[in-house]
Amino acid sequence: MTTATIYHNPRCSKSRNSLKLLQEHGIEVNEVRYLESPPNKKELKELCDMMQVKPLDITRSGESLFKELGLSKSDDRTDDEWLEILVQNPKLIERPIVRMADRAVMGRPPENILKLLKIN
């Protein structure tokens, strides 16, 4: 059976819909509730590399915490610094992220997951 790992927040409708989509396609899912068990810096970097995005691209800049921390998308920070911010503040990680083998996608919209399943 094909397996996937979903980094998500079950309170988020996009996360719930992504999980449901995986299950509907018979995918065995390893759920990582990233607010309770945040990925470490190495895992986040791997996910970014798989999605071919920068850490800033998976940062929830609309969160009040983003502003409370005095962050801005135009900050002159390295990828490593953004990764550290995400590790220390997992609430800022965009969700859900779905990983299958050596590929990953952002489940926003949930239909993006179909790219991993090679259905679209």
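The values are calculated or read from the model by the stated rules, or taken from the named source; none is laboratory data. For clarity, every value in this text was computed on a predicted model and none was experimentally measured. Quick reminder, even Gly has a Cβ in these numbers, built from the backbone with ideal geometry, and neighbours come from all protein chains shown. Just so you know, the surface numbers come from the protein's heavy atoms only, side chains and all, with ligands and any DNA or RNA stripped out. Shrake-Rupley method; radii C 1.70, N 1.55, O 1.52, S 1.80 Å.
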Notebook entry, point to check: Of the residues that sit in region 75-120 and are at pLDDT 95 or above, over 23 Å from residue 31 (Cα atoms) and part of a loop (DSSP other than H, G, I, E, B), which one is most open to solvent (accessible area, probe 1.4 Å)?
Noted result: 77
Item checked: Hits in region 4-19 (condition: open to solvent by 20 Å² or more (accessible area, probe 1.4 Å), under 13 Å from residue 108 (Cβ atoms) and not in a loop (DSSP other than H, G, I, E, B)) -> 7, 13, 14, 16, 17
Checklist line | Total residues in region 57-74, condition part of a loop (DSSP other than H, G, I, E, B) and touching a residue at least 12 places away in the same chain (Cβ under 8 Å) | finding: 6
Margin query: Pairs needed: first member in region 102-116, in contact (Cβ under 8 Å) with a residue 40 or more places away in the chain and within 21 Å of residue 45 (Cβ to Cβ); second member anywhere, in a helix (DSSP H, G or I) and among the small types (Gly, Ala, Ser); C-beta distance under 6 Å; at least 6 residues apart or different chains.
Written below: 107/18
Check: Across region 41-56, what is the number of residues that are open to solvent by 80 Å² or more (accessible area, probe 1.4 Å) and either touching a residue at least 24 places away in the same chain (Cβ under 8 Å) or part of a loop (DSSP other than H, G, I, E, B) (or both)?
Finding: 3
Notebook entry, point to check: Any chance region 20-37 includes a residue that's in contact with a strand residue (DSSP E or B) (Cβ under 8 Å, 6 or more places away or on another chain), more than 19 Å from residue 2 (Cα to Cα) and surrounded by 15 or more Cβ atoms within 10 Å (Cβ to Cβ)?
Noted result: yes
Item checked: Restricting region 57-68 to residues that are under 16 Å from residue 83 (Cβ atoms) and of a type in the set (D, E, K, R), the residue that is least open to solvent (accessible area, probe 1.4 Å) -> 60
